[in-house]
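What follows is a set of notes on a single structure, which appears directly below.
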Amino acid sequence: MSGTGHGKVRACGPLAAALAGHAARRVFAPYLWRLAGERSGSTEAGYAASASVMVNALQGARQLVGSDAIHVPVPEPTGAAFDALQRLAVMSRAYDLVAVVPGPVALAAASGRALDDAQEDFEDLARAVLEAGCDVLAVHEPEPDADSAASLRAMARLGAFYGARTLLLAPAAGAFALAAGFDAIDTGEPAAPPGGVAVAPAVADAPLPASTIVSSSWAQPVGGADADWLRAAARQLRNDSKE
């Protein structure tokens, strides 16, 4: 559950606890926002244009899979996605709210701007979602560059101030984020780098590891079979915890 107040311990949900080093088996499905649009019957444009549709679809997709987190992709500090994040943040909930923002390199590539300029945009966006009340700041950086470490360091400190955990969604080359103060890096691979998050990607008949985050993986394309696997995994984890 999320609390209130800046600089206080706010992130205490399942994913946040795992990122804090208390890793138990959790269902962590970053692709749910895509599955949400599919399940809502909305077009991608219609889904992204309405905060209400986005909130309802995300909640429905989370319940379908039994995920311990809702991921909201926020490309900019305005618009329906940001509104949906704010609405979800004030709701009573037992799941983590994860704001997924593009990293400095991703923003630079999308805008054609220099990395120095893109870092300012990244810091503004990350600050906005932290202020909005996310439990976990997830930075999506497909091609990480160590020159952006200063921005990640600043956001790690700001996340700590707001009581939020920080997670880099990147290949192993982004491990410099750990030295910059991020809580973990999810490489999308079953074996994590030192300090990273071990995941069990959603594939047919994948065994459940003893202590890790069970995940669709941040790079996994949407598929009904993945949702079915995660739902079965969630059921097994809940049953194991009761025993």
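The values are calculated or read from the model by the stated rules, or taken from the named source; none is laboratory data. Model, not experiment: these values are computed from the prediction. Note that we place each Cβ from the backbone using ideal geometry, even for glycine, and neighbour counts take in every protein chain shown.
Of everything in segment 27-43 that's out of contact with any helix residue (DSSP H, G or I) (no Cβ under 6 Å at 6 or more places or on another chain) and farther than 19 Å from Tyr95 by Cβ, which residue is surrounded by the most Cβ atoms within 10 Å (Cβ to Cβ)? Ranking the qualifying residues of segment 27-43, first place goes to Glu38. None of Pro73, Pro104 is over 28 Å from Ala234 (Cβ atoms) and not aliphatic (A, V, I, L, M) except Pro104.
Just need a number here: residues in segment 89-105 that are among the hydrophobic types (A, V, I, L, M, F, W, C) and either at pLDDT 95 or above or within 25 Å of Ser148 (Cβ to Cβ) (or both). Explain how you work it out, then say what you get.
Let us first name the residues in segment 89-105 that are among the hydrophobic types (A, V, I, L, M, F, W, C), namely 89-91, 94, 97-101, 105.
Okay, now just the ones that are also either at pLDDT 95 or above or within 25 Å of Ser148 (Cβ to Cβ) (or both), so 97-101, 105.
Count: 6.
Kindly indicate whether Leu125 is in contact with a helix residue (DSSP H, G or I) (Cβ under 6 Å, 6 or more places away or on another chain) and under 23 Å from Asp186 (Cα atoms). Talk me through it step by step, then tell me what you get.
On the way: in contact with a helix residue (DSSP H, G or I) (Cβ under 6 Å, 6 or more places away or on another chain): no; under 23 Å from Asp186 (Cα atoms): yes.
Criteria not met by Leu125.
Out of the strands (runs of 3 or more DSSP E) lying entirely within segment 121-202, which hold 1 or more residues that are closer than 25 Å to Pro77 by Cα and within 17 Å of the chain's Cα centre (by Cα)?
Details: elements: 136-140, 165-169, 184-186, 199-201.
Qualifying strands (runs of 3 or more DSSP E): 136-140, 165-169, 184-186.
Among residues of segment 27-86 being among the acidic types (Asp, Glu) and not in a loop (DSSP other than H, G, I, E, B), the one that is nearest to Pro14 (Cα to Cα) is Asp83.
Evaluate segment 114-121: report whether one residue or more is out of contact with any Lys or Arg (no Cβ under 7 Å at 6 or more places or on another chain), buried (at least 22 other Cβ atoms within 10 Å of the Cβ) and over 29 Å from Trp229 (Cβ atoms). Yes: one or more hits.
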